[in-house]
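First up is the structure itself, then whatever we jot down about it.
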Amino acid sequence: MNRFNVRKVAVLGAGVMGAQIAAHLVNVKVPVVLFDLPAKEGQKNGIVAKAIEGLKKLKPAPLGIPDDAALIEAANYEEHLPLLAECDLVIEAI
């Protein structure tokens, strides 16, 4: 039997659903590139960075181990679209 080996996932949309999908993926140690729009002010990945930090504060916690949030790479659609080529699976959560 052939199995689909997922080594890295892109999640498009860092809202509540997209961020929590990313959290569940890193719970099983699958690295994630979490995308959202570039922020209008501050760091361009500010929206995603805020979503990742928010995961650590939710109750019940979507992250089994809060330090696993480090497996989520912040990205924006303006600068990081080439990162999609590194992903085995793309999940749309916009």
request  = Name the one entry in Pro82, Pro66, Pro62 that is more than 22 Å from Arg7 (Cβ to Cβ) and out of contact with any Asp or Glu (no Cβ under 9 Å at 6 or more places or on another chain).
outcome  = Pro66
key: Selected residue [charged (D, E, K, R) and within 11 Å of the chain's Cα centre (by Cα)] from Lys8, Lys44, Lys50, Lys29   = Lys8
task = Just name the residue that is modelled with the lowest pLDDT out of those in the range 62-94 that are open to solvent by 70 Å² or more (accessible area, probe 1.4 Å) and among the aliphatic types (A, V, I, L, M).
result = Ile94
message = Quick check on the range 37-48. Is at least one of its residues under 16 Å from Leu71 (Cα atoms) and surrounded by fewer than 16 Cβ atoms within 10 Å (Cβ to Cβ)?
response = no
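The values are calculated or read from the model by the stated rules, or taken from the named source; none is laboratory data. Fair warning: this is a prediction, and the values are worked out from it, not measured in the lab. No Cβ is skipped: glycine too gets one built from the backbone with ideal geometry, and neighbour counts run over all protein chains shown. In case anyone asks, the SASA skips ligands and DNA or RNA and just uses the protein heavy atoms, side chains included. Shrake-Rupley method; radii C 1.70, N 1.55, O 1.52, S 1.80 Å.
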